[in-house]
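Down below is the structure, laid out as structure tokens.
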Amino acid sequence: MIHIAETVGVGSIENFLSTDERSQLASLMDEFLLAEEAERFGDDRRTSIHEIPGHSTEQAMAIYEPAGRIEIPSLPEAAEKLLGDAFERARPALSRVMPSITLCRPWTYVEYGVGQHITSHLDGIAPDPLAWPRQIAGISVVITQADAGGGFYVETASSDRLWNGHAPNATANGYAESMWLAHDGADNSATWFQQMPRTRWSVTPAPGTALLYGSQLAHGTLPVAAGRVAKFISWLVAEPTTAE
């Protein structure tokens with residue numbers, strides 16, 4: 001059963017990546033960007049992993065990443081394998097805080113330069129939260145930290161405005177009875193979300209530490225003040241059991 005605590009929770013896995021693995025990943029991505037037309041992943045990029053119903057890709061990018069960023073959603077095979085191996089090692093720690101997670105989606109590489117950041121938003125469980133698979137949490141692993149700024153944050157809120165209601169037929173749909181589902185459109189495209197009071201919790205994790213943040217928890221990053229942040233992000237999902 002998927003419990004609401006998993007989808008609004010936070011966690012960390014220290015040493016998710018070793019120093020050597022971080023070095024390997026940094027080299028792999030540097031080589032990839034040198035070999036490719038790097039600008040098409042940054043200033044010339046016209047695609048995004050973010051979507052907002054009723055908005056164009058350009059509009060979604062302006063809302064989520066108003067100063068831009070580098071985004072590479074399809075990694076070199078060697079990088080994907082390194083991160084996949086790290087996820088497998090981390091399964092015991094993951095299962096203690098988010099026990100319904102069964103799978104890590106393919107990873108995305110992002111970089112933020114000075115002034116760049118991601119605005120507050122919820123990832124959400126799925127466009128249809130009664131369909132499978134279900135997104136339980138995001139995962140973020142910094143390999144290069146900024147000289148200043150660029151920290152990650154989550155935002156908690158007690159407002160009823162955030163919630164759509166209890167999951168219908170919860171136990172029959174794989175949810176605990178207490179499961180609530182958040183409203184769609186919980187991002188800066190919605191006036192109600194912008195105006196909703198929230199409390200921000202910020203963190204600057206050690207490179208190689210994996211941060212876990214529930215799919216129904218608002219999150220974002222602070223603008224980079226100096227240097228660059230390089231990180232890998234993905235989403236952790238639950239698949240149906242044989243009984244469902």
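The values are calculated or read from the model by the stated rules, or taken from the named source; none is laboratory data. None of these values were measured; they are calculated from a predicted model. Glycine gets a Cβ as well: all are built from the backbone with ideal geometry, and neighbour counts include every protein chain shown. These accessible areas exclude ligands, DNA and RNA; they are computed on the full protein's heavy atoms, side chains included. Shrake-Rupley method; radii C 1.70, N 1.55, O 1.52, S 1.80 Å.
Could you tell me which numbered condition residue 114 fails, if it satisfies all but one of (1) of a type outside the set (Gly, Ala, Ser); (2) closer than 30 Å to residue 33 by Cα; (3) crowded, with 19+ Cβ neighbours inside 10 Å?
(3)
Name every residue in segment 165-183 that is touching a His at 6+ places or on another chain (Cβ under 7 Å) and crowded, with 18+ Cβ neighbours inside 10 Å, in order of residue number.
179
Tell me the residue from 157, 137, 186, 190 that is without any contact (Cβ under 8 Å) to a residue 60 or more places away in the chain, surrounded by 15 or more Cβ atoms within 10 Å (Cβ to Cβ) and within 17 Å of residue 219 (Cβ to Cβ), please.
Checking each option against the conditions leaves just 190.
Got a sec? Which helices (runs of 4 or more DSSP H) wholly within segment 1-108 have at least 1 residues that are farther than 23 Å from residue 218 by Cα?
19-35, 77-97
Since residue 69 meets every condition but one in (1) within 29 Å of residue 132 (Cα to Cα); (2) touching a strand residue (DSSP E or B) at 6+ places or on another chain (Cβ under 7 Å); (3) modelled with pLDDT of 95 or more, which condition does it not meet?
For residue 69, the failing item is (1).
So that you can scan it fast, the table gives a plain yes or no per residue for (1) closer than 30 Å to residue 156 by Cβ; (2) open to solvent by 30 Å² or more (accessible area, probe 1.4 Å):
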site: 11; (1), (2): yes, no
site: 25; (1), (2): no, no
site: 28; (1), (2): no, yes
site: 36; (1), (2): no, yes
site: 56; (1), (2): no, yes
site: 73; (1), (2): yes, yes
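Let me spell it out: the conditions are (1) under 27 Å from residue 91 (Cβ atoms); (2) modelled with pLDDT of 95 or more, and residue 205 meets all of them except one. Which number is the exception?
(2)
Would you mind telling me which numbered condition in (1) open to solvent by less than 10 Å² (accessible area, probe 1.4 Å); (2) assigned to a loop (DSSP other than H, G, I, E, B); (3) of a type in the set (A, V, I, L, M) residue 130 fails?
Evaluating residue 130 over (1) open to solvent by less than 10 Å² (accessible area, probe 1.4 Å); (2) assigned to a loop (DSSP other than H, G, I, E, B); (3) of a type in the set (A, V, I, L, M) leaves (1) as the failure.
Would you point out the residue of segment 95-110, among those that are more than 8 Å from residue 73 (Cα to Cα) and of a type in the set (Ser, Thr, Tyr), that is least open to solvent (accessible area, probe 1.4 Å)?
Across segment 95-110, the extreme among qualifying residues is 100.
Checking residue 161 against (1) over 22 Å from residue 65 (Cβ atoms); (2) out of contact with any Phe, Trp or Tyr (no Cβ under 8 Å at 6 or more places or on another chain), which single condition isn't satisfied?
(2)
Would you mind telling me which numbered condition in (1) under 16 Å from the mean Cα position of the chain (by Cα); (2) more than 22 Å from residue 143 (Cα to Cα) residue 109 fails?
Residue 109 satisfies every listed condition except (2).
Could you grab me the full set of residues in segment 193-224 that are hydrophobic (A, V, I, L, M, F, W, C) and open to solvent by 50 Å² or more (accessible area, probe 1.4 Å)?
201, 203, 206, 222
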